[in-house]
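Student: One structure coming up, written as structure tokens, with questions to follow.
The values are calculated or read from the model by the stated rules, or taken from the named source; none is laboratory data. Given the structure is predicted, the values throughout are model-derived calculations rather than measurements. Here the Cβ positions follow ideal geometry from the backbone for every residue, glycine too, while neighbour counts run over all protein chains shown. Protein only, heavy atoms only, side chains kept; ligands, DNA and RNA dropped before computing areas. Shrake-Rupley method; radii C 1.70, N 1.55, O 1.52, S 1.80 Å.
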Amino acid sequence: MGDKDIVSKEIIKEIGRDISMHILGIDIQGEVTLVDKEWTRVEKRDSDIVFKNNDKIFHIEIQNDNHKNMESRMLRYYSDILFEYKECSVEQYVVYIGKKRCNMKSEIARDRILYNYDIIDVKDIACEDLLYHSNPSAVALSILCDFKDRDKQMVVNTILQRIKELTDGDEVEYQNYIKKVNVLSTNRNLKEEVKKGMNTMLQVDITKTPLYELAMEKGMEKG
């Protein structure tokens with residue numbers, strides 16, 4: 001994918017649902033509908049996901065870097081959403097995946113405005129919590145987590161292998177999760193690691209490698 005490539009609407013919708021459930025801890029009930037507006041897009045460094053679930057609108061922004069005017073940007077989105085969906089309540093989240101300390105503001109209190117939203121820093125989420133989850137959608141999201149001092153290629157290989165195991169031979173389901181991993185990997189600059197990991201899986205059973213066995217042992221200890 002190039003920097004401006006747009007991924008399928010269905011994948012965007014599923015990623016939004018997965019992030020809501022496994023990172024934000026939101027109980028999504030029933031079907032979700034992607035809000036198909038100009039400000040709904042998934043790009044290499046600027047990922048906005050807006051979807052409707054029952055009478056709520058969820059806006060999720062994946063942020064690589066600290067944005068000095070994030071609160072104004074989010075308020076602008078809120079205004080755009082509210083203009084179209086006055087009857088719905090709106091929940092907004094910034095999912096921060098940057099390496100530096102998160103220092104973005106999450107509120108505006110000035111003049112007659114009192115506005116706020118939530119910022120979730122994935123460094124507060126242990127990679128193992130998602131990597132060794134029993135749901136492959138959670139495992140796919142683990143690529144957004146902070147790997148800390150772990151070898152990037154080893155973690156990516158483990159993510160790919162875990163998805164393979166959890167989809168249990170369902171090739172359609174497996175490919176769907178791999179598409180999600182590819183989309184999310186661009187936010188962490190891990191596209192090449194994913195490519196190498198896929199090639200490795202075609203050539204060797206990585207579950208038999210010492211690195212994979214060590215990763216699984218560490219995951220079991222964490223669990």
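Student: Go through the stretch 118-134 residue by residue and tally those that are touching a residue at least 40 places away in the same chain (Cβ under 8 Å) and among the hydroxyl-bearing types (Ser, Thr, Tyr).
Tutor: Number satisfying all stated conditions: 1.
Student: Looking at the stretch 162-181 only, could you name the residues that are open to solvent by 20 Å² or more (accessible area, probe 1.4 Å) and touching a helix residue (DSSP H, G or I) at 6+ places or on another chain (Cβ under 6 Å)?
Tutor: Those that are open to solvent by 20 Å² or more (accessible area, probe 1.4 Å) and touching a helix residue (DSSP H, G or I) at 6+ places or on another chain (Cβ under 6 Å): Arg162, Leu166, Glu173, Tyr177, Lys179.
Student: State which residue is modelled with the lowest pLDDT when the search covers only the stretch 7-61 and only residues that are part of a strand (DSSP E or B) and polar (S, T, N, Q).
Tutor: Ser47
Student: Please enumerate the residues belonging to the stretch 134-149 that are part of a loop (DSSP other than H, G, I, E, B) and either touching an Asp or Glu at 6+ places or on another chain (Cβ under 8 Å) or buried (at least 19 other Cβ atoms within 10 Å of the Cβ) (or both).
Tutor: Cys145, the sole residue that qualifies.
Student: Cβ-Cβ distance below 7 Å, separation of 6 or more or different chains: which pairs start in the stretch 88-115 with a residue that is over 13 Å from Asp65 (Cβ atoms) and end on one that is at pLDDT 95 or above and assigned to a loop (DSSP other than H, G, I, E, B)?
Tutor: Gln92/Tyr117; Tyr93/Tyr117; Ser106/Tyr117
So that you can scan it fast, the table gives a plain yes or no per residue for (1) under 16 Å from the mean Cα position of the chain (by Cα); (2) at pLDDT 95 or above; (3) under 11 Å from His22 (Cβ atoms):
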{"position": "Ile119", "(1), (2), (3)": "yes, yes, no"}
{"position": "Ile125", "(1), (2), (3)": "yes, no, yes"}
{"position": "Asp129", "(1), (2), (3)": "yes, no, yes"}
{"position": "Leu144", "(1), (2), (3)": "yes, no, yes"}
{"position": "Phe147", "(1), (2), (3)": "yes, no, no"}
{"position": "Gln153", "(1), (2), (3)": "no, no, no"}
{"position": "Thr158", "(1), (2), (3)": "no, no, no"}
